[in-house]
Structure formats: C-alpha cells, structure tokens
1. Starting from one equal scatterer on each C-alpha and no solvent at all, send me the Debye-based log10 I(q)/I(0) for the chain at q = 0.10, 0.14 Å⁻¹, two decimals.
2. Can you list the lysines whose alpha carbon sits under 29 Å from that of Lys300, skipping same-chain ones fewer than 8 residues off?
3. In Å and whole numbers, how far do the C-alpha atoms of the stretch 54-129 stretch along each principal axis, longest first?
4. Based on Cα positions only, what radius of gyration and what Dmax would you give for the stretch 239-323, in angstroms?
5. Determine the percent antiparallel among the DSSP beta bridges restricted to the chain, to the nearest 5.
6. Can you tell me, using C-alpha contacts under 8 Å and at least 6 residues apart, the relative contact order of the stretch 1-101 as a whole percent?
7. If you put +1 on each Lys and Arg Cβ and -1 on each Asp and Glu Cβ, how big is the dipole of the stretch 162-306 around its Cα centre, in Debye rounded to 20?
8. Over all directions, what mean area does the Cα convex hull of the stretch 149-249 project, stated in square nanometres?
Amino acid sequence: MALKALDIYKLLPKKNCKECGDPTCLTFAMKLAGGKADIDLCPYLDDQAKNILGATTRPPIRLVKIGVGERSFSVGEEFVLYRHEKTFYHPPGILFKVLDNQSPEEIVAITKRVKTESFVRVGSNLQFNGIAVENASGSSETFAKAVELIENVADLPLVLISLEVSSLSAALIHCGTYRPLIHAATLANYKEMCSLAKQHGCPLVVKATGLVLLEDLIKKCSAEGIQDLVIDPSPSSLNDFLISSTAIRQLAISRSAPDLGYPVFINTSGNALEDAMIALSIVKYASVIVTSPLSPGSAKAALTLRQNIYTDPQKPIQMNPGLYRVGNPDKNSPVLMTVNFSLTFFTLQGYLESSRIPCYMLIVDTEGLSVLTAVAAGKLSEILVRDSLKKFGVGEEVAHHLLIIPGYASPLSGRIEEATGWKVLVGPRDAAEIGDFLHEEWKKYAPKE
Ligand code: SF4
C-alpha cells in the first residue's frame, strides 16, 4: 500500500541538507509520495527505512534507458493499468530488426531508413527508435562486423540479440559504451550475461516462458547486481502475449509481485500477423518492440497508434489560438474559423493544403475541445469568435467580411453574424469535404479581383 507524504516524512533523517536536490525533507517526502523521486537520492537513510520506503515509493515499473544521446529512449515508470486512469508516460521503443548475415547494403539501407525517416502528425515528429541486430550467422565475427557497420552509419539505440556470450562480447567492443539492450539472459547463461551487462553498464533482457520462471530469473539477475532489466515473456502467439503482458502489468502495478516491475520486450518479426501483434503490443504494455522493417503503410499505422495511446487523455493537445496562413493567401482569400483542438487543426490544414486554395485559418481558443464538444459545452460562442477576429487582426488581412465556420458550429451562424457583422458561410461537417466546398461554394461568394 502506498504511504502518505507525512508517513514518509517520519522515516526521513530530517537534516534538511538539500543533498537530495529538494530544499527540505518534507518536499522530498511529498515527491516520494507521488512516485516522483528515488529514495537513493537521500544518502542518510538507514537500511530499515530504505526497505520500507523502497517497497512503497519506487515506481512499480522501473525506468530503463536504452541508448545514449539524442535518439536514446527510456521505457517503464508506468503507474496505471488503464490509460484513462491517469496516462501512460513512456511510449514503447520500436526497433527494426536486421540479421547479421544480411548483405552490408541491406543493413545500411535499413539503418539509414530508421535514422532519417520521420512522419509529422498532429505537430509531432514520429520516428522509429533504433535497430535490433540478430546474430543469425552464429559467428561472433560476423555479428561484430554488422554492429560496427550500423554504428558507422548512425548513432541509434541498439538491441543485440544473441544467446552466445562470445558474440555479444565481440559486438560490445563496438557499441558497449552506448547502452545497447542485451538480449537475452536465460536460465542457462544468466551469470555470464549479467557479468557482460555489468562490465559495459548495459540494460539486459531476461527471457523465460511463464511468470514463475521469469520471476525466478529476475531475482537471480538482481542478485548478480543488475537493476536495469527488461522482461521477454517469449510468447508463442498473440493470445499468449496478451495474457502474459497483462498479468505482468497487473502484478507489477498492484505490487503483488514487485519482482516483475520491469518493462516488457516483444519481438514481432517473422509473425504471420505482425501488424496485429505490433498493435496489440503497443496497446497492451510492451515497452521495447522489435519488428521487421515495416512497409510504409504498416510503419505509419504503428507510429500513429503509439502516438494516440501515449497522449495524455486528460489534456487535449492544443494549438495556440491565432491566424494561420495556408499557402500565400492575399486580401481576397477565404478565412476559415475553427477550434484549437490540434487534431482538428492538423486535419483541416492537411485538406486545405490539398485544395491548393491559399487561405487563412482563424484558430479560436476552446481549451483544446473539438468543434462539437466546444459548441455543446458553450466554449465556442459568438463572443469568442468576435474577440478572436479583433485580437488577431483578421479585418486588416482581408478586404472582405466573409467567415467560413465548421458545419458542426452551424447553430451559432446567426449569432456570429450579429456579433461580428461578418457574413457567415457554413462549411462542411467533414473536413475531407472542405476542398470541394472551397472550389464550389466559396467561389460563389469570393470577392472578384
Ligand atoms: Fe532530507 Fe535526506 Fe534530502 Fe537531506 S538528503 S534534505 S536528509 S531527504
């Protein structure tokens, strides 16, 4: 059971020495209670207090960093089972797999793709995270060469996949200081794997089938001094993954099995239902997902789903209100008013760009609510539209007084006309129809040159 800040405070040394980075022991206790600090930051805790606090204040799932530098990513440190309870914090890293016996040209092409490919959606730059290299050849030399080749092409986080300590050892000569994720420690090799992970300061995947064996292996690796662990439940099917990943998350979050409190790994490459497996992994708690190099369609679907699942459901993504230009509009160009819910903005902007009619987008502040919700909640009103027209100087940009409003805001059209003195044209409800609307309807009203 989680301790309250005051209970935690009672266990602290109360030196108020600031060595933990907090001004007082009380503020540190408050952070601990919220799972926002680590007890190890206080050097004066005795072992008994550490044991009590460690079991209740540490995040139920350990944060594990993979890679170094700009493209490194951290996974874990999640607090809830369902996204709507709070939010999910650390999106899974998705890494494309290469085999060490693929041709150098193929390995370079896949690495370059992960390095450069990005996809902008709702204002965010979406990218894959790194490369997983599998020691398919069985040769330590070939494995090391493939890793060296990738390292020469890009500084990307790596997963090194081999059960052979000699192969991993050879590969780590080239990337050991860059925190690659080592895959995997098993019951047969865990001592050697732990010593390798310790030597290079790398996170380590533990792999076993069944929660009992996994828990046992985690305990063994922890006893070897490895803290940065990732769990591979080695599922045999989608259903198997769903059951084991959900059980790991439930047991970790409830602290019923704190030894399972580590991020989960899955390799979807080679699965006949890979797209489905990726989707399931994103939704059901995987933190490191190794895939085959995906087709453009599958790649976009995976990145889009990850972005959607890992946005905070309590905070609509908002745009800054203002007057935005699409293309090079002039004084006769149309003005389209809409809300500052970012998905609405970017969807509409995309369709406006496709229409090839330069225009202005007047974005009004509905606190991130969509058009329909904003109208229903009274956040989108004629007063807001009037004030926004004035605030953003729309009248000075165009020589007309025509305002296109979203179809779902049609109940406000008369009131907007009265409040602003602008003639209102009600646009379509579906943003996909805005191009046709501009080409057909707007042309009837557009000011002539
Ligand atoms: Fe208090 Fe420990 Fe922080 Fe010092 S380091 S202020 S004793 S909690």
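We did not get these values from a lab; they are worked out from the coordinates using the rules stated. No experiment lies behind these values; they were computed from the predicted model shown. Methodologically, a virtual Cβ is constructed for each residue, glycine included, from the backbone with ideal geometry; neighbour enumeration extends over all protein chains shown.
1. Values, matching the q order: -0.85, -1.16.
2. Once the sequence-local lysines are set aside, what remains near Lys300 is Lys65, Lys86, Lys97, Lys112, Lys115, Lys284, Lys315.
3. Here the Cα extents, ordered largest to smallest, are 50, 32, 23 Å.
4. In Å, with Rg to one decimal and Dmax whole: 15.8, 53.
5. 25 percent
6. 18 percent
7. Details: 11 positive and 11 negative charges, 67 e Å.
So the magnitude is around 320 debye.
8. On the way: hull surface 27.2 nm².
Here the figure is 6.8 nm², rounded to one decimal.
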